[in-house]
1. Sticking with the crude label model, points 7 Å out along Cα→Cβ, report the distance from ARG93 to LYS52 in nm, one decimal please.
2. So if I place +1 on the C-beta of Lys and Arg and -1 on the C-beta of Asp and Glu, and nothing else carries charge, what would the dipole magnitude of the chain be about its Cα centre? I want it in debye, nearest 20.
3. Using alpha carbons only, how many degrees (0 to 90, rounded to 10) separate the axis of helix 71-95 from the longest principal axis of the chain?
4. Along the Cα→Cβ direction, 7 angstrom out, place labels at VAL15 and TRP67. What is the inter-label distance in nm?
5. Just the projected area, averaged over all directions, of the convex hull on the alpha carbon atoms of segment 1-45: how many nm²?
6. What percentages make up the Cα-Cα pair-distance distribution of the chain when the bins are 5 Å wide from 0?
Amino acid sequence: MKGAGMQLEVLAALVVDDLVVAELYCRNAGCPVREVTIRIKDYNNQITEHTKPLQCPVCESHLAVHWAMTFAEHEIWKEREAVMSVNLQRYRRDHDVGDGPLPMSAMVDRTLPR
Ligand SMILES: [Zn+2]
C-alpha cells in the first residue's frame, strides 16, 4: 500500500500537488526538538511510496503534524502572515500600547498598509 504509515496530512497535501510544505513536531517530551519543517518535491511519487512515518531527526520518534499544505498555499499563507505582522507593528507604534494586549481587529487585519 502506497504511503502506508506516513502521516496522512502530508499524504493528503501530496495528492493535491507535488510540492508540499509541512510543519511537524516531536511527541517525545524528553527530546529537545520542537518543530521540524520539511519541503517536499515529489515529482516522481517517490515519497508516497515511502512506507515509514516521518521521524524526528534526533530521537527517531514518529513526528506528529502541525500542518501540511501545498507550496502555493504556503506562499499565500506566508504573505498573509507578513502583512498581519506589519499591521500589528504599525498598530503598536500608532497606538502606543507597548507590549500590552491588542484588540482582535488589529490582530486579524489582513489589509496591506498604505
Ligand atoms: Zn525527537
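1. 4.9
2. 140
3. For helix 71-95, the angle is close to 20 degrees.
4. Between VAL15 and TRP67, the label points sit 2.0 nm apart.
5. Averaging across all directions leaves 3.6 nm² for the Cα convex hull.
6. Pair shares across the bins are 2, 11, 16, 16, 12, 12, 12, 9, 6, 3, 1, 0.
Each reported figure results from applying straightforward, stated rules to the coordinates on display, with no laboratory input. Nothing here was measured: the structure is a model prediction, and the numbers come from that model. FYI the Cβ positions are ideal-geometry reconstructions off the backbone, even for glycines, and counts take in every protein chain you see.
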